[in-house]
1. Within the range A:1-29, track down each residue that is at pLDDT 95 or above and open to solvent by 60 Å² or more (accessible area, probe 1.4 Å).
2. (1) at pLDDT 95 or above; (2) more than 12 Å from chain B (Cβ to nearest Cβ): which one isn't true of A:His121, the others all being true?
3. Name the single residue, out of those in the range A:30-59 being open to solvent by 50 Å² or more (accessible area, probe 1.4 Å) and in contact (Cβ under 8 Å) with a residue 60 or more places away in the chain, that is farthest from A:Phe119 (Cα to Cα).
4. How many of the residues in the range B:130-159 are surrounded by 12 or more Cβ atoms within 10 Å (Cβ to Cβ) and in a strand (DSSP E or B)?
5. Considering only residues that are open to solvent by 20 Å² or more (accessible area, probe 1.4 Å), farther than 18 Å from B:Tyr194 by Cα and free of Cβ contacts under 8 Å to residues at least 60 places away in the same chain, which ones fall in the range A:167-191?
6. Here are the criteria: (1) open to solvent by 40 Å² or more (accessible area, probe 1.4 Å); (2) under 17 Å from the mean Cα position of the chain (by Cα). Tell me which single one B:Arg127 does not satisfy.
7. Using the structure shown, decide if B:Leu109 is under 14 Å from the mean Cα position of the chain (by Cα) and of a type outside the set (Ser, Thr, Tyr).
8. Among (1) surrounded by fewer than 19 Cβ atoms within 10 Å (Cβ to Cβ); (2) of a type in the set (D, E, K, R); (3) in a helix (DSSP H, G or I); (4) in contact with a Lys or Arg (Cβ under 8 Å, 6 or more places away or on another chain), where does B:Asp106 come up short?
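The values are calculated or read from the model by the stated rules, or taken from the named source; none is laboratory data. Owing to the predicted nature of the structure, the values given are computational and were not obtained by experimental measurement. Counting neighbours? That spans all protein chains shown, and the Cβs are built from the backbone with ideal geometry, glycine included. Heads up: the accessible areas ignore ligands, DNA and RNA and are worked out on the full protein's heavy atoms, side chains in. Shrake-Rupley method; radii C 1.70, N 1.55, O 1.52, S 1.80 Å.
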Number of protein chains: 2
Amino acid sequence: MSYKMITISRQFGSGGRTIGKEIAAKLGIPCYDQELISMMAEESGFSVEQVKELDEKEVRKKLFTTRAERALNSSYLQSALWNAQEKVIRQLAEQGPCVIVGRCADRILKDRDDVLRVFIHADDDYRAKRIVEVYGEKEGADPLDRILEKDKLREGYYERYTHDQWGDAKNFHIALNSGALGIDYCVELLKGLYQG
Amino acid sequence: MSYKMITISRQFGSGGRTIGKEIAAKLGIPCYDQELISMMAEESGFSVEQVKELDEKEVRKKLFTTRAERALNSSYLQSALWNAQEKVIRQLAEQGPCVIVGRCADRILKDRDDVLRVFIHADDDYRAKRIVEVYGEKEGADPLDRILEKDKLREGYYERYTHDQWGDAKNFHIALNSGALGIDYCVELLKGLYQG
C-alpha cells in the first residue's frame, strides 16, 4: 500500500514537525506547517497576524472592548477560520503529494484512503528537554509547564472541532514515541511506509 | 535500542494475537496469551474455569446466590485475580525474552525500559470480517456487535485496573492499524524494532 499524502499530528516538543520536514525533504515533496497560516489568511480574508492571534487559542482580550463583543466575535471568527482551514487542507489534498503537520488534517481528510495518518508523541521529560534545545528557555516558565499547557490547548482545539479524542491510537495508521524510538528511525520508517 | 520483551495490547479482531505469535515464532522466544490463564490459576489458587469465568467480565450470576454475596465476592475475587496476574507477568519479565499479549502487561511493566509496548487496532469493518474468518459465525450475534461489546469489556477492564485511557497512543512505543498496514508488515516491523 502506498499513499499520496502524510498528515502528522504531534505533541508539542515531540519532533513531529522535524520528522515531517525531513520526510518531505527526502521524498522531494512539500511540507506544510507554518505555511498554512498565510494560506488560511488568504482564504479567510484575515491578516496573518489575526490568524496567529486566533489560532488554537481563545481570542485574546485586546482584540475586543467588551466581554459580549468578545464572546460573539470569538465564536464567529473561529468558525470562519476553521472553515478556511478545512478548505485549504482539502485543496492541498487535491493538488498532489505533500506532508501536512498539525491543524487536524488527519480528521479533515479522514475519508480519503490515500492519506497516511501519523501521530508523534514522546515522554514529558524528553519533550521538556527538547523544547529548551530547539526553542530556548522562556523566562519564568518551567519547560514542563510549557508542554503541558500546549498539550491542553491542542487537545481542546482538536476535540472542539473534530469531536474525537486527541491522541487516540485508533485515529491513526501509526503512532510513534519519537523519544524512545529516535527521530531518525521515525523518519526512515514513515518514508518507507509512504513509499509502500 | 533493543528490547527484552514485547507487550501487545489489541482490539478484538485486529490480529494482535496472531502478530504476537508470529513475532515470537520468528524470534524463537515464547509468546504468552491463553497460557497466562493457567499461570494465573496456579498463582491464585482458583481453577482454570474460575479464572475464565472472572476474566475481563463482571462475575456471572450463577456463581453466587444473592446480590450482596455476588457484589462482595466479585470485588474480592477480581482483586485476588488481578494480584495474581501482576505477579505472573512480573515473574515472566524476570525470566527472559518473551511476547505477552493482552492482560494490561504494558501497564504492569510500565516502569521497565526493556519492554517494547505495542498497540494493535483496526477499523471496525476489517475486524468484523476477520472474526468471522478466524472464530466463525456466532448464532444470533452480528459480528459488529460482537467486536463493539468486546471493545467495551476490554476498555472497562483496562481503565478499572490501570486508571489509564484504553488505546491512548501515549502509552505505547508504537501503535499500528493492522487492517490498513497488513499483518505481515506489522510482524516484520515489530521484529526489526525488537532486534534494534
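1. A:Arg17, A:Lys21, A:Glu22, A:Ala25, A:Lys26, A:Gly28
2. (2)
3. A:Lys57
4. Going through the range B:130-159 one residue at a time, the tally reaches 1.
5. A:Asp168, A:Lys170
6. B:Arg127 satisfies every listed condition except (1).
7. yes
8. (1)
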